[in-house]
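The values are calculated or read from the model by the stated rules, or taken from the named source; none is laboratory data. Remember, predicted model here, so these are calculated numbers, not experimental data. Don't worry about glycine lacking a Cβ; one is built from the backbone with ideal geometry, like all the others, and counts go over all protein chains shown.
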C-alpha cells in the first residue's frame, strides 16, 4: 500500500525539488518542466514559472472570452487565469486533482497564470531531437520529438503573456 502524504507535504516536496533544480546552473539549463495541455505535451522553462499550485477557486468574470477562466486569489494576490488548452483552440480543462495553475514568474510584472491538465515531471531537453520550428506562434519557442515519437512544444512565456490575443480577454 502506498504511503499517505498530506497535500502540504506533497507541495513542499515539489517546491523543494523545483528549487533544487533551479539552484545549479547546469540543472537550470538542462531541466524543463513537462506539462500536458489537452492532448499536447509542453516543456516549460523553470525560471519562467513563479509557482505551480493546485487549481484554486476561480471567480468568473462576465463579458470575457471563453478561454479566460477567471480570477484567482493566491495568498492574497489576484491573478488572471487562462485555460491554456481552450486558448489554444482545444477543449476546456476540467478541474480535477491533477489540474495545476502555473503562475508566471514575477520578472514578467504580470499577475497571470495558465491552467494545465497535469504535470509530467522534469525533463532534460538533451533527450529530445529538434522538430519542425517553422511558422510557430509567438508562444511556442520550439518543437521537439522524444524517443517515442511524441511531439513536445516549448512554451515561450514572454511571447505568450505579451501577445495581444492573450492580453485581450474582453469578449
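When you go through 151, 134 one by one, which is the residue that is surrounded by fewer than 20 Cβ atoms within 10 Å (Cβ to Cβ) and without any contact (Cβ under 8 Å) to a residue 24 or more places away in the chain?
Values: 151 fails: without any contact (Cβ under 8 Å) to a residue 24 or more places away in the chain.
Being surrounded by fewer than 20 Cβ atoms within 10 Å (Cβ to Cβ) and without any contact (Cβ under 8 Å) to a residue 24 or more places away in the chain holds for just one of 151, 134, which is 134.
If we keep just the residues of region 92-121 that are touching a helix residue (DSSP H, G or I) at 6+ places or on another chain (Cβ under 6 Å) and in a loop (DSSP other than H, G, I, E, B), which is surrounded by the fewest Cβ atoms within 10 Å (Cβ to Cβ)?
Only one residue fits best here, namely 92.
Within region 20-28, can one find any residue that is modelled with pLDDT under 95, assigned to a strand (DSSP E or B), touching a strand residue (DSSP E or B) at 6+ places or on another chain (Cβ under 8 Å) and within 29 Å of residue 146 (Cβ to Cβ)?
Step one: list which residues in region 20-28 are modelled with pLDDT under 95, which gives 20-28.
Subsequent filtering for residues that are assigned to a strand (DSSP E or B) retains none.
Scanning region 20-28, I find no residue that is modelled with pLDDT under 95, assigned to a strand (DSSP E or B), touching a strand residue (DSSP E or B) at 6+ places or on another chain (Cβ under 8 Å) and within 29 Å of residue 146 (Cβ to Cβ), so the answer is no.
Only residues that are in contact (Cβ under 8 Å) with a residue 40 or more places away in the chain and surrounded by 15 or more Cβ atoms within 10 Å (Cβ to Cβ): list them for region 66-91, please.
Hits for region 66-91 are 68, 69, 72, 80, 82, 84, 85, 87, 88, 90.
Mind listing whichever residues of region 122-131 are surrounded by 14 or more Cβ atoms within 10 Å (Cβ to Cβ) and either within 14 Å of residue 155 (Cβ to Cβ) or over 14 Å from the mean Cα position of the chain (by Cα) (or both)? It would help to see each step written out before you state the result.
Of all residues in region 122-131, those surrounded by 14 or more Cβ atoms within 10 Å (Cβ to Cβ) come to 122-123, 125, 128, 131.
Selection gives 123, 125, 128, 131.
Determine whether residue 11 is exposed (fewer than 11 other Cβ atoms within 10 Å of the Cβ) and at pLDDT 70 or above. Show your work before the answer.
Details: exposed (fewer than 11 other Cβ atoms within 10 Å of the Cβ): no; at pLDDT 70 or above: yes.
Spelling it out, it is not the case that residue 11 is exposed (fewer than 11 other Cβ atoms within 10 Å of the Cβ) and at pLDDT 70 or above.
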